[in-house]
1. Check the range 238-254 and report whether any residue there is outside any helix (DSSP H, G or I), within 14 Å of the ligand (Cβ to nearest atom), out of contact with any Asp or Glu (no Cβ under 7 Å at 6 or more places or on another chain) and within 18 Å of R150 (Cα to Cα).
2. So how many residues does the range 51-75 have that are closer than 24 Å to D266 by Cβ, surrounded by 15 or more Cβ atoms within 10 Å (Cβ to Cβ) and away from the ligand (no atom under 16 Å from the Cβ)?
3. Does D266 meet the test of being over 14 Å from T180 (Cα atoms), touching a Lys or Arg at 6+ places or on another chain (Cβ under 7 Å), of a type outside the set (K, R) and modelled with pLDDT of 95 or more?
4. Identify the residue in the range 136-160 that is farther than 18 Å from H205 by Cα and either out of contact with any Leu (no Cβ under 7 Å at 6 or more places or on another chain) or free of Cβ contacts under 8 Å to residues at least 40 places away in the same chain (or both) and, among all such residues, is surrounded by the most Cβ atoms within 10 Å (Cβ to Cβ).
5. Return yes when A78 is over 27 Å from T120 (Cα atoms), more than 16 Å from the ligand (Cβ to nearest atom), among the small types (G, A, S) and surrounded by fewer than 23 Cβ atoms within 10 Å (Cβ to Cβ) and no when it is not.
6. So for the range 193-203 (the condition being outside any helix (DSSP H, G or I), crowded, with 20+ Cβ neighbours inside 10 Å and among the basic types (K, R)), does at least one residue qualify?
7. Within the range 189-206, restricting attention to residues that are hydrophobic (A, V, I, L, M, F, W, C) and within 12 Å of the ligand (Cβ to nearest atom), which residue is farthest from E240 (Cα to Cα)?
8. Would you pick out the residues in the range 256-267 that are buried (at least 20 other Cβ atoms within 10 Å of the Cβ) and within 16 Å of the ligand (Cβ to nearest atom)?
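The values are calculated or read from the model by the stated rules, or taken from the named source; none is laboratory data. This structure is a prediction, so every number in the text was calculated from the model and none was measured. With ideal geometry, Cβ positions are generated from the backbone for all residues, glycine too; neighbour counts draw on all protein chains shown.
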Amino acid sequence: MRIGCHGFVFSGKFDEAGIRTAIEGTQRAGFDFIEMPLMDPFTFDEKVAARVLQETGIEMTSSLGLTADTDLSSDDPAVVERGEQLLRRAIDIVSFVGGTDLCGVIYSALQKYTQPASDTGRQHSAAALARLGDYAAERNVVLSLEIVNRYETNIMNTGREGLEFLKLVEHDNVHLHLDTYHMNIEESGMLEPVLDLGDELRYVHIGESHRGYLGSGSVDFDSLFRALVRTGYDGPVVFESFSSAVVDESLTKSLGIWRNLWDDSDDLAAHANRFIRDGLRAVETIKLH
Ligand code: MN
């Protein structure tokens, strides 16, 4: 498993200075790669990112959440087309820096919906993702759909709903992405979703129940680590945490980051890197018993 860190642990802005701060922080904390948030891919400078990645030896994946204006699950084809344009640009960035993964809420807007998803909206999203699956495959990028809680999408909130939605997408380059923060809200536990998803699990976010220091909340990481090792999961595992100490304005509003859960990015990240590696290492030894 490759262990990574979300860019928002270090910076809320991703101009040249922010890109450097986030990648260098990720390296200092001991991670293998950074998950670079691409909330605005059209202003992101992939040449700067590629240069700093090469200097540090850090690899990069990317994630984003669509907005109402780029919602692939919209009933309006013009909105869907804007979403596809944005995601093609994000795929281009990941491909340019030699990355392999684009994930996150890339199938709907990342927002609270006030009604269920329409059949038309689901079909729009699935059809767009199948086209994007082709586009990404040609550039050696894999797409993973992040399953998030009911306040952040109306398309799917559990692993099983994710598997149902994948049947609509029907593309072998589009997979699923689990996040312990969301699983802790919506799932029956940490074990079942990992077993249910099997080979469709391509990406994992590690977040605490309050999105602060790992081990200081109520997420059952022990079961999650056991499930990942037991199923032979070998994909990316990324530490994700948000605090009002480091924020992006749009994400602050959509995710409700009103509190300061930590104020030292370096300490938080180094702790998370050890927590994840130690947890996985411990359960790997079970096979020796
Ligand atoms: Mn996440």
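1. No: the range 238-254 contains no residue that is outside any helix (DSSP H, G or I), within 14 Å of the ligand (Cβ to nearest atom), out of contact with any Asp or Glu (no Cβ under 7 Å at 6 or more places or on another chain) and within 18 Å of R150 (Cα to Cα).
2. Summing the residues that are closer than 24 Å to D266 by Cβ, surrounded by 15 or more Cβ atoms within 10 Å (Cβ to Cβ) and away from the ligand (no atom under 16 Å from the Cβ) in the range 51-75 gives 7.
3. Values: over 14 Å from T180 (Cα atoms): yes; touching a Lys or Arg at 6+ places or on another chain (Cβ under 7 Å): yes; of a type outside the set (K, R): yes; modelled with pLDDT of 95 or more: yes.
Yes.
4. Residue satisfying both the conditions and the ranking: I155.
5. Values: over 27 Å from T120 (Cα atoms): no; more than 16 Å from the ligand (Cβ to nearest atom): yes; among the small types (G, A, S): yes; surrounded by fewer than 23 Cβ atoms within 10 Å (Cβ to Cβ): yes.
Criteria not met by A78.
6. Residues of the range 193-203 that are outside any helix (DSSP H, G or I), as a first pass: 201-203.
Within this subset, residues satisfying the condition of being crowded, with 20+ Cβ neighbours inside 10 Å are 201-203.
After this cut, where a residue has to be among the basic types (K, R) as well, the list is 202.
The answer is yes; a qualifying residue exists.
7. Keep residues of the range 189-206 that are hydrophobic (A, V, I, L, M, F, W, C), which gives 190-191, 194-195, 197, 201, 204, 206.
Checking the rest, the ones that are also within 12 Å of the ligand (Cβ to nearest atom) come to 204, 206.
Working: V204: 10, I206: 6 Å.
Only one residue fits best here, namely V204.
8. The one that is buried (at least 20 other Cβ atoms within 10 Å of the Cβ) and within 16 Å of the ligand (Cβ to nearest atom): I257.
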